[in-house]
Amino acid sequence: MKLHEFQAKEVFTKYGLRIPQGIPAFSVAEVKEAVQRLSQANPSLQKVVLKSQVHVGGRGKAGGIKVVNLSDAEAVSETLFGMDIKGLPVHKLLVEEAINIAKEYYVGITLDRNARKTILMASSMGGVDIEEVAESHPEAIIKVWVDPNIGLTDYQIKQVIYGANLPAESAGFIKALYKIYTENDCSIAEINPLIVTADGQVIAGDAKIDIDDNALFRHSELLSYQDPAEVDPNELDAKAAGLTYIELEGDIGCVVNGAGLAMATMDAVKYGGGQPANFLDIGGSSNPAKVTAAMKILKRKNVKGILFNIFGGITRCDDVAKGIISALDSMGGIDIPLVIRLTGTNEELAREILTAKGINAGSSMTDAVSEIIKLTKG
Ligand code: GDP
Ligand code: MN
């Protein structure tokens, strides 16, 4: 689950990290009010930053971050609302006091799966996309790997501070960021830019926090941060139906029972020259409703064809067949190829149900995979 910048900054504040004064605003009128409140709190305030709150990086480059005079805030906010940043509409802005930036740094923590450790990265080339820095100046990113059983040591903090030439005050920021990362089960916690102001203060200019969805159950305090407008409707529907579903980039929809078979199916599709559109596990105890939900999700995703690969154990093939029939009934049929492979518990019954409706179901996985690839090519 991704947090918006203003939410991540709330978390930062809880952990004592210094951030600019700011107020989220959902309309031009709220922008006006926010500017008034900020300038009451700080009478010498001359500029504010209007920051689009969408779940995507590089907002600055895309024109979603504007530093403006107080008197221009309303007019500029009008252009930002209704703007579209990398496909995401802007519904919220964070109105912040503008910071007089002398230098921008990068500090980020994430998981390095290969190393099986947490990785802390820092760079004096902050403000820009860290992926870009990683490509053009890999030597400018200092990395240390943190053993989760030992935790981040002061020595490692010094290593990145000296290595990346960060101001000494960053130590507190790094420590707190690591605490945020571990205590909230983050997959990413990042400050980019970590700003040194013209008068030498250190402050977090941006905040990025992603929470590991699989750990959300133990963070009820974070659930209110979930933004339904930003969650993929397919993933929401899949969750509600009890399906394990992950979107991929291809065009062959896969409906499979069991995670292992789902992986094997995706491998087989790729091996045969096709591209799976998703990972989808309807689970062990299939009921027809799950199958219907799965088909509707894939139809909405505009796949070129759907492959069912069912190995009946606890899963009953006749349940799956009933699900397919009821999905087709409620969708008024389907205009893309549908290839079904099923074998195992109640497969004869399943074939009867399907054949009665003029639908074929094979029993070989290899045949089914090559058929769906053939039917969806070109
Ligand atoms: P991102 O592009 O989505 O990562 O959004 P950021 O919050 O990191 O902002 C992008 C860039 O906008 C920063 O690197 C700064 O250069 C600039 N910026 C953001 N806030 C301020 C500010 O308060 N004052 C000034 N002068 N520039 C800012
Ligand atoms: Mn940023």
For Asp267, solvent-accessible area (1.4 Å; no DNA, RNA or ligand), Å²: 110 Å²
What's the extension gain from Asn149 to Met83 if we count 0.36 nm per residue and subtract their Cα-Cα distance? 19.3 nm
Rg/Rh (Cα only; Kirkwood hydrodynamic radius) as it applies to the stretch 232-377: 0.92
Correct semi-axes for the stretch 26-71, from √(5λ) of the alpha-carbon gyration tensor and rounded to whole Å with the largest first, are 22, 12, 8
For the stretch 132-149, Karplus-derived ³J(HN,Hα) couplings (6.51, -1.76, 1.60; θ = phi - 60°; whole Hz; x for glycine and proline) come out as 5, 4, 4, 7, 8, 9, x, 5, 7, 10, 9, 10, 10, 9, 10, 6, x, 7
Given a 1.4 Å probe, the accessible area of the stretch 205-257 per residue, as a whole number of Å², is 52 Å²
Spread of Cα-to-Cα distances over 5 Å intervals beginning at zero, given as percent, for the stretch 101-225: 2, 11, 21, 23, 20, 12, 7, 3, 0
Setting aside same-chain residues fewer than 8 positions from Lys143, which lysines have a Cα under 22 Å from its Cα? Lys103, Lys117, Lys158, Lys175, Lys179, Lys208
The answer for Gln275, listing residues at least 5 apart or on another chain whose modeled amide H is closer than 5 Å to its amide H, is Asp251, Ile252
List the residues whose amide H sits under 5 Å from the amide H of Ile85, counting only those 5 or more places along or on another chain, with H placed 1.01 Å from N in the peptide plane. Val90
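Which of the residue pairs Lys299/Lys374; Lys86/Lys304; Lys9/Lys299; Lys2/Lys270 have a Cα-Cα distance greater than 27 Å in the structure shown? Each step should come with its number before you reach the end.
On the way: Lys299/Lys374 19 Å; Lys86/Lys304 25 Å; Lys9/Lys299 38 Å; Lys2/Lys270 30 Å.
Flagged as over cut-off: Lys9/Lys299; Lys2/Lys270.
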Could you give the spread of the C-alpha atoms of the stretch 254-340 along their three principal axes, from largest to smallest, in whole angstroms? 33, 31, 16
Once amide H atoms are built 1.01 Å from N in the peptide plane, which residues 5 or more positions from Ile340, or in another chain, come under 5 Å H to H? Phe308, Gly362
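Taking Cα pairs under 8 Å and at least six residues apart, what relative contact order does the chain come out at, in percent? Mind dumping the intermediate values first?
Details: 733 pairs, mean separation 46.8, N = 378.
So the answer I get is 12 percent.
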With θ set to phi - 60° and the Karplus curve 6.51 cos²θ - 1.76 cosθ + 1.60, what are the ³J(HN,Hα) couplings of the stretch 74-80 in order, to the nearest whole Hz, using x for Gly and Pro? 4, 4, 5, 5, 4, 6, 6
Probe of 1.4 angstrom, ligands and nucleic acids ignored: what's the accessible area per residue over the stretch 21-97, in square angstrom? 50 Å²
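Counting only Cα atoms, I'd like the Rg/Rh figure for the chain, Kirkwood definition for Rh. All intermediate terms of the calculation are to be shown ahead of the outcome.
Working: Rg = 25.6 Å, Rh = 23.7 Å.
Ratio value, two decimals: 1.08.
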For the Ser39, Tyr271 Cβ pair and Förster radius 45 Å, calculated FRET efficiency rounded to 0.05 is 0.10
If you stretched the chain out fully between Leu375 and Ala62, how much longer would it get, using 0.36 nm times the residue separation minus the C-alpha to C-alpha distance? 108.7 nm
Determine which lysines satisfy two conditions relative to Lys322: a Cα distance under 16 Å, and not lying fewer than 8 residues away in the same chain. Lys290, Lys296, Lys357
Any chance you could run the full-extension gain for Asn360 through Lys32? It's 0.36 nm times the residue separation minus the Cα-Cα distance, nm to one decimal. 111.8 nm
Euclidean distance of C-alpha centroids, the stretch 334-353 and the stretch 23-40, integer Å: 58 Å
Hey, any idea what % of the chain's accessible area is carbon plus sulfur with a 1.4 Å probe? 51 percent
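From largest to smallest, what semi-axes in whole angstrom does the stretch 21-97 give when each is the square root of 5 times an eigenvalue of its alpha carbon gyration tensor? All intermediate terms of the calculation are to be shown ahead of the outcome.
Details: eigenvalues 89, 26, 20 Å².
They are 21, 11, 10 Å, listed largest first.
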Quick one: what are the phi-derived ³J(HN,Hα) couplings along the stretch 13-29, Karplus 6.51/-1.76/1.60 with θ = phi - 60°, whole Hz, x for glycine and proline? 4, 4, 9, x, 7, 7, 10, x, 5, x, 9, x, 9, 10, 7, 4, 4
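Using the Cα centre of the stretch 21-97 as the reference point, and only Cβ charges (+1 on K/R, -1 on D/E), how large is the resulting charge dipole? Debye, rounded to the nearest 20. Could the numbers behind the result be given before it?
Numbers: 9 positive and 8 negative charges, 57 e Å.
Approximately 280 debye in magnitude.
The values are calculated or read from the model by the stated rules, or taken from the named source; none is laboratory data. All figures in this text were calculated on a predicted structure; none of them were measured in a lab. Glycine gets a Cβ as well: all are built from the backbone with ideal geometry, and neighbour counts include every protein chain shown. To get the accessible areas, we keep the full protein, side chains included, count just its heavy atoms, and leave off ligands, DNA and RNA. Shrake-Rupley method; radii C 1.70, N 1.55, O 1.52, S 1.80 Å.
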